[in-house]
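The values are calculated or read from the model by the stated rules, or taken from the named source; none is laboratory data. Nothing here was measured: the structure is a model prediction, and the numbers come from that model. Backbone-built Cβ (ideal geometry, glycine too); neighbour counts: all protein chains shown. These accessible areas exclude ligands, DNA and RNA; they are computed on the full protein's heavy atoms, side chains included. Shrake-Rupley method; radii C 1.70, N 1.55, O 1.52, S 1.80 Å.
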Amino acid sequence: MAQIEKVGVLGAGLMGHGIAQVAAEAGYAVVLRELDDATLARGVGKIEKQLARAVEKGRASQEDADAIRGRIEDTTDYGALAACDLVIEAITESLPLKLEMWKEVDGIVKPEAVFATNTSSLAVIDQAATTSRPTQFVGLHYFNPAQVMKLVEVVRCVTTSDAAFDAALEFARSEKKLAIPTQDKAGFIVNRLLVPYMLDAIRAYEEGVGSVQEIDEAMMAGAAHPMGPLTLADFVGLDTLGSICDVLFDEFRERRFARPPTLRKMLSAGWYGRKSGMGFYDYSGESPAPNPAF
Ligand code: 3HC
C-alpha cells in the first residue's frame, strides 16, 4: 500500500471541516472538496477560526497555524482529488448520494488510493461494493468535534484487505487519535450504545421523569458526562440522530432504536438542534436557552 501523503476530504460540513483540519495538523497535504462555494467558505472559515483561537491561546504559533492552513487546498472540483492517497467522505448521511459521489470519484482518483467513509451508521460494504476497489475501502468514523474527540473507529468490511485496514489504522494513529478497530455492524461501537441512550433520555422526558434541563443536569452531575443527553442530541443534530436510529431500527428491529414521537415531531417542525438554531434548546441568543415548547 502506497505511503499516505495527500488526503482528500469530501464535504466541509460539521464533520468534514474538522477531519480536514486534523489531517492538516498531522502534516498531510489536504484537498477539501465541497459542492458549492458558499458551503466551502463556511467550512474553511470554521477551520481558520479554530486556528486563530489556537494561536490566541498559545497552543500554536502563527507560523504553524499558517502552515496548517497552507496545507489545505479548498475546491469545488473533484479533479483536485486525483493524486490523493486516501479519500475520506463526510457528505450528507444518504446512501444514494454517497453512491453517486463515489461513482464519480472512483473514476478520478488514482487506482491505488484507499477510500474511507465517515458514515455514522450505514453499512460500509454498501459503499465499498459500488467502487472498483472494494478491497481498498474502510470506515473511518470520527466524532464531533473531530478536532477535540480522541476516538476514530476504524471499520473493516467484508471486502477490506489487511493492507488497506492497516494503512487506515496507521493513518488514524498518525493523527494522534485513539484508533479502535471494529466490524461493519450498524452503529459500530459508540453509536450502538450512545444512540439508544439519547433516545431513552427523550423517552424519559416524555414519561415525565424530569424536564429537559433536569435530565441534562442530572447526567452531567451524576455520571460526569461533559454534556447532558438532550444537549448532546442537539449537538449531534436531531436530523442525524433520526437517520442513525432509522438505520439501527432497520437492522436490529428493537424498540430501543425507534424514533420517539417527540423526535419525530421536532424534525417535522424543522428543529434539527444547534445547527438549525432550535432543538431541545433555543440557540438564537448569546447562550442556549430552554425551548419554550418543552
Ligand atoms: N471545534 C474545534 N474545537 C472545539 C470545538 C469545535 N466545534 N468545540 C470546542 N472545541 C475546543 C475548544 O477550542 C476548547 O479548547 P481550548 O480550551 O484549548 O480552546 C475545548 O474544545 C473545550 O471547549 P469549551 O471550553 O468551549 O467547551 P467544553 O469544555 O464544554 O467542551 C466539548 C466542548 C468538547 C464539545 C465537550 O462538551 C464534549 O466533549 N461534549 C461531548 C461531545 C461528544 O460526545 N461528541 C460525540 C458525539 S457522537 C458523534 O459525533 C458520532 C456521530 O456519528 C453522531
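Quick notes
- The residues listed here are 5, 25, 63, 104; of these, the one that is open to solvent by 60 Å² or more (accessible area, probe 1.4 Å) and without any contact (Cβ under 8 Å) to a residue 24 or more places away in the chain is 63.
- Some residue of the stretch 230-242 being free of Cβ contacts under 8 Å to residues at least 40 places away in the same chain, surrounded by 15 or more Cβ atoms within 10 Å (Cβ to Cβ), more than 13 Å from residue 120 (Cβ to Cβ) and within 12 Å of the ligand (Cβ to nearest atom): yes
- Answer from 145, 181 - the residue that is surrounded by fewer than 18 Cβ atoms within 10 Å (Cβ to Cβ), more than 19 Å from residue 95 (Cα to Cα) and within 11 Å of the ligand (Cβ to nearest atom): 145
- Residue in the stretch 194-208 that is closer than 30 Å to residue 127 by Cβ, open to solvent by 40 Å² or more (accessible area, probe 1.4 Å), touching a residue at least 40 places away in the same chain (Cβ under 8 Å) and outside the structural domain of residue 150 (by TED's automatic domain parsing) present: yes
- Residues considered: 132, 211, 120. Of these, the only one that is away from the ligand (no atom under 15 Å from the Cβ), open to solvent by 10 Å² or more (accessible area, probe 1.4 Å) and under 17 Å from residue 88 (Cα atoms) is 132.
- The set of residues in the stretch 271-293 being of a type outside the set (Ser, Thr, Tyr), over 21 Å from the mean Cα position of the chain (by Cα) and exposed (fewer than 15 other Cβ atoms within 10 Å of the Cβ) consists of 285, 286, 289, 290, 292, 293.
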